[in-house]
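Below: one structure, written as structure tokens.
The values are calculated or read from the model by the stated rules, or taken from the named source; none is laboratory data. Source: prediction; values computed, not measured. Here the Cβ is made from the backbone with ideal geometry for all residues, glycine too, and neighbour counts use every protein chain on show. When the accessible area is computed, the model is the full protein with side chains, heavy atoms only, and any ligands, DNA or RNA have been set aside. Shrake-Rupley method; radii C 1.70, N 1.55, O 1.52, S 1.80 Å.
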Amino acid sequence: MLKKSNNSQTFGSYIRSLRIKNDIGQRELAKKINVAPSYLNDMEKDKRSAPKNELIKKISVILKADLKLLYDLAGNSKKTVAPDIEEY
């Protein structure tokens with residue numbers, strides 16, 4: 001299985017692609033992670049930076065995503081180090 005390069009994907013575009021791949025609607029995912037659909041839409045379109053770690057973990061479980069990759073993309077989104085690195 002080929003992985004897409006981290007350079008070409010943003011946090012939002014990765015979440016969107018996983019959501020579509022898992023056949024989950026935007027409103028449905030927003031409800032599952034307890035955020036407004038407009039917030040999720042803004043996140044997917046990179047109008048907002050990545051959310052807090054707790055929300056990233058929820059998204060990871062629901063979308064069966066690689067948590068480390070999500071953290072890396074979140075760090076890029078926030079223009080800082082990955083959130084899992086900050087803890088160390």
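Structure values in brief
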| quantity | calculated |
| --- | --- |
| Selection within the range 15-52 - open to solvent by less than 30 Å² (accessible area, probe 1.4 Å) and assigned to a helix (DSSP H, G or I) | Ile15, Leu18, Arg19, Leu29, Ala30, Leu40, Met43, Glu44 |
| Pairs with Cβ under 8 Å, 6+ apart, first in the range 41-65 and closer than 11 Å to Gly12 by Cβ, second of a type in the set (Phe, Trp, Tyr) and buried (at least 21 other Cβ atoms within 10 Å of the Cβ) | Met43/Phe11; Asp46/Phe11; Ser49/Phe11; Ala50/Phe11 |
| Residue list for the range 58-71, restricted to those being surrounded by fewer than 16 Cβ atoms within 10 Å (Cβ to Cβ) and either part of a helix (DSSP H, G or I) or of a type in the set (Asp, Glu) (or both) | Val61, Asp66, Leu67, Lys68 |
| Some residue of the range 20-29 being free of Cβ contacts under 8 Å to residues at least 60 places away in the same chain and either among the acidic types (Asp, Glu) or touching a Phe, Trp or Tyr at 6+ places or on another chain (Cβ under 6 Å) (or both) | yes |
| Hey, Ala74 touching a Pro at 6+ places or on another chain (Cβ under 6 Å), at pLDDT 95 or above and not in a loop (DSSP other than H, G, I, E, B) or not | no |
| Residues satisfying the stated conditions in the range 77-88, i.e. assigned to a helix (DSSP H, G or I), under 14 Å from Thr10 (Cα atoms) and open to solvent by 60 Å² or more (accessible area, probe 1.4 Å) | Lys78 |
| All positions within the range 46-80 that are small (Gly, Ala, Ser) and more than 9 Å from the chain's Cα centre (by Cα) | Ser49, Gly75, Ser77 |
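Residue-wise test of (1) at pLDDT below 95; (2) touching a His at 6+ places or on another chain (Cβ under 6 Å); (3) not basic (Lys, Arg).
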| residue | (1), (2), (3) |
| --- | --- |
| Met1 | yes, no, yes |
| Gly25 | no, no, yes |
| Lys52 | yes, no, no |
| Ile59 | no, no, yes |
| Leu63 | no, no, yes |
